[in-house]
Amino acid sequence: MARIETPRRIRGTQDIFGEEQRRFARVLEAFEYVRRLYAFQRVDIPVFEDTQVFARSIGETTDVVSKEMYTFPDRGGDSLTLRPEFTAGICRAYLTEGWQQYAPLKVATAGPVFRYERPQKGRFRQFHQIDAEIIGAAEPAADVELLVLADQLLRELGISEGVTLQLNTLGDAETRDAWRAALVAHFEGHRGELSEDSVTRLDKNPLRILDSKDPRDRPIADAAPDIDAYLTPEARAFFDAVTAGLDAAGVAWTRNARLVRGLDYYRHTAFEFVTDRLGSQGTVLAGGRYDGLIGSLGGNETPGVGWAAGVERLAMLIEAPQEDVVQYAIIPENSESEALVWRLTRLIRETRSPHFLRPTTRVAQFNGLKYKKAWEKAAKISALVIIVDGSLRDDTKLGAVRFGVGKYGVGGMAMSDIADIFIAGGLDVECKGESVLPDGTKYMVPGQSYLLLHEKI
């Protein structure tokens with residue numbers, strides 16, 4: 001019989017487990033904490049959209065649309081695309097779901113996104129982003145709030161050191177038109193020296209030449225005129241208000257006059273948080289103001305600003321979180337104890353007491369194993385092993401519980417907590433074998449103390 005070959009994981013995807021998953025979860029936990037702190041509502045949007053949502057918003061000439069999108073016809077003949085980013089889908093929902101009534105709208109989301117890119121360090125074809133947006137706020141204060149939120153997220157993750165906020169202005173529409181014309185004139189004078197990709201961009205999207213990585217383009221791009229000479233008074237005042245707000249909030253920033261966004265709907269603020277700890281792919285969080293985007297999707301002109309960050313990249317930067325310790329592992333002493341283990345385990349997991357079951361408390365059970373094997377497994381992973389003996393059951397007793405200290409254990413108080421849990425869960429408890437301190441305080445001792453459990457009459 002031919003051997004059945006196991007299908008392989010698709011290139012550019014990942015199975016996230018162990019320490020990698022703990023890092024991943026820590027990033028999402030910090031993001032959830034900070035977005036609540038700043039009163040951003042959580043939203044969830046479809047993983048796939050009508051292709052036009054992204055073609056119009058990201059731009060037909062961009063690499064994302066022309067080379068990287070996962071686009072396919074469905075069975076009805078409609079062209080669908082797996083989302084390569086969140087902003088376009090959120091703006092589509094803002095228009096189609098009537099979210100305009102909540103403007104200014106502060107929303108945040110997280111989840112998988114898809115781009116057909118060459119996999120490399122921190123870059124996958126299915127990867128994950130966190131995203132924050134403010135729609136319907138034209139004031140520079142919205143830009144500042146999003147940047148302060150991003151800065152606090154990095155601090156919450158413990159990675160703000162070595163990460164730099166780079167900031168630029170793209171001006172208003174008048175500024176952008178004048179600057180674009182000056183750039184086209186500059187690059188046209190060097191058309192014969194530009195790379196093939198930049199010649200194409202010159203005709204379709206000349207601002208993107210400024211961030212070209214091709215060595216043939218860099219001297220020409222570096223000599224291009226800066227936007228500052230073309231800023232209108234209104235655009236300059238907007239940028240000054242953003243930088244003043246960041247200074248007041250204590251967020252460090254540096255100017256990068258070559259930081260651009262190629263599409264016409266981008267206005268005013270553009271920014272990236274960058275690090276040198278991830279090699280050449282150093283951007284960990286990026287965004288900007290997109291006041292013309294919703295108009296390109298058929299809505300009324302509506303201001304918006306937002307950012308996104310790659311979860312995988314942030315996870316690579318943080319300290320490895322400690323593995324969760326199982327606080328309580330419950331094992332049967334003999335076959336007659338299996339049923340009581342199930343009952344007590346559920347009681348422990350469901351009952352709350354003043355000093356038990358924090359949100360991170362973990363409880364494991366080991367039914368179906370010989371006592372020695374169950375003890376070895378329980379002690380290896382836990383702080384306290386709860387050994388249940390149901391063989392003592394009679395008309396008055398359910399059984400007995402004794403204790404052992406596991407690998408991560410510290411002893412006494414945890415056993416008293418267990419007694420309180422059983423009492424809170426409706427059982428009568430007799431504590432046996434306690435030790436008494438000189439001040440009269442009783443405490444329970446592993447290997448010596450035990451509990452007799454009774455149904456409450």
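Please list, ordered by first then second residue, the pairs with beta carbon atoms under 9 Å, 6 or more apart or interchain, first in segment 264-278 and on the phi > 0 side of the Ramachandran plot, second in a strand (DSSP E or B) and buried (at least 20 other Cβ atoms within 10 Å of the Cβ).
Listed pairs, sorted by first residue: H268/T169; H268/G288; H268/R289; H268/V305.
Being out of contact with any helix residue (DSSP H, G or I) (no Cβ under 8 Å at 6 or more places or on another chain) and not basic (K, R) is true for just one of A257, A237. Which residue is that?
Sole residue among the options that is out of contact with any helix residue (DSSP H, G or I) (no Cβ under 8 Å at 6 or more places or on another chain) and not basic (K, R): A237.
Yes/no matrix, rows are residues, columns are (1) surrounded by 20 or more Cβ atoms within 10 Å (Cβ to Cβ); (2) of a type in the set (S, T, N, Q):
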position: A241; (1), (2): no, no
position: T254; (1), (2): no, yes
position: T269; (1), (2): yes, yes
position: R277; (1), (2): no, no
position: T283; (1), (2): no, yes
position: A286; (1), (2): no, no
position: S296; (1), (2): no, yes
position: G299; (1), (2): no, no
position: P303; (1), (2): yes, no
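Every residue in segment 327-350 that is open to solvent by less than 100 Å² (accessible area, probe 1.4 Å), under 32 Å from the mean Cα position of the chain (by Cα) and over 17 Å from E376 (Cα atoms), please.
Within segment 327-350, just I348 meets the criteria.
Take segment 1-35 and flag every residue that is within 27 Å of A137 (Cα to Cα) and either over 14 Å from the mean Cα position of the chain (by Cα) or open to solvent by less than 90 Å² (accessible area, probe 1.4 Å) (or both).
L28, A30, F31, E32, V34, R35, listed by residue number.
Is it the case that some residue within segment 138-155 is closer than 18 Å to G299 by Cβ, of a type outside the set (F, W, Y), touching a residue at least 40 places away in the same chain (Cβ under 8 Å) and open to solvent by 30 Å² or more (accessible area, probe 1.4 Å)?
Within segment 138-155, one or more residues are closer than 18 Å to G299 by Cβ, of a type outside the set (F, W, Y), touching a residue at least 40 places away in the same chain (Cβ under 8 Å) and open to solvent by 30 Å² or more (accessible area, probe 1.4 Å).
Out of all the residues in segment 223-236, is one or more more than 26 Å from A142 (Cα to Cα), at pLDDT 90 or above, out of contact with any strand residue (DSSP E or B) (no Cβ under 9 Å at 6 or more places or on another chain) and loosely packed, with under 12 Cβ neighbours inside 10 Å?
yes
Pairs, please: C-beta under 6 Å, at least 6 apart or cross-chain, first residue closer than 16 Å to R201 by Cβ and in segment 165-190, second open to solvent by 40 Å² or more (accessible area, probe 1.4 Å)?
Note: pairs meeting the criteria are W179/Y230.
If a residue counts only when it is of a type outside the set (F, W, Y) and touching a Cys at 6+ places or on another chain (Cβ under 8 Å), which helices (runs of 4 or more DSSP H) contained entirely in segment 2-121 have at least 1 such residues?
Where helices (runs of 4 or more DSSP H) fall fully within segment 2-121 and carry at least 1 residues being of a type outside the set (F, W, Y) and touching a Cys at 6+ places or on another chain (Cβ under 8 Å), they are 51-58.
Look at A309 and say whether it is closer than 20 Å to Q21 by Cα and modelled with pLDDT of 85 or more.
So A309 passes the test.
Looking only at segment 409-435, filter to residues that are at positive phi and modelled with pLDDT of 75 or more; which one of those is surrounded by the most Cβ atoms within 10 Å (Cβ to Cβ)?
The qualifying residue surrounded by the most Cβ atoms within 10 Å (Cβ to Cβ) is G433.
To keep it simple, each residue is scored yes or no on (1) at pLDDT 95 or above; (2) charged (D, E, K, R); (3) buried (at least 19 other Cβ atoms within 10 Å of the Cβ); (4) in contact with a strand residue (DSSP E or B) (Cβ under 9 Å, 6 or more places away or on another chain).
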residue: L37; (1), (2), (3), (4): yes, no, no, no
residue: V64; (1), (2), (3), (4): no, no, no, no
residue: T81; (1), (2), (3), (4): yes, no, yes, yes
residue: R92; (1), (2), (3), (4): yes, yes, yes, yes
residue: Y102; (1), (2), (3), (4): yes, no, no, yes
residue: K106; (1), (2), (3), (4): yes, yes, yes, yes
residue: P119; (1), (2), (3), (4): no, no, no, no
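With the requirement that a residue be open to solvent by 30 Å² or more (accessible area, probe 1.4 Å) and modelled with pLDDT of 80 or more, what does segment 436-452 give you?
Y450
Can you find a residue in segment 287-306 that is touching a strand residue (DSSP E or B) at 6+ places or on another chain (Cβ under 6 Å), among the aliphatic types (A, V, I, L, M) and at pLDDT 95 or above?
Yes, that holds for at least one residue.
I need the full set of residues from segment 17-46 which are aliphatic (A, V, I, L, M) and out of contact with any Phe, Trp or Tyr (no Cβ under 8 Å at 6 or more places or on another chain), in order please.
A25, V27, L28, A30, V34, L37, A39, V43 - these are the residues of segment 17-46 that are aliphatic (A, V, I, L, M) and out of contact with any Phe, Trp or Tyr (no Cβ under 8 Å at 6 or more places or on another chain).
Among the helices (runs of 4 or more DSSP H) lying completely within segment 130-211, list those that include at least 2 residues that are of a type in the set (K, R).
173-188, 196-204
The values are calculated or read from the model by the stated rules, or taken from the named source; none is laboratory data. All values derive from a computational prediction rather than experimental measurement. We place every Cβ from the backbone using ideal geometry, glycine too, and count neighbours over all the protein chains shown. Remember, those area values only see protein heavy atoms, side chains included, never the ligands or the DNA or RNA. Shrake-Rupley method; radii C 1.70, N 1.55, O 1.52, S 1.80 Å.
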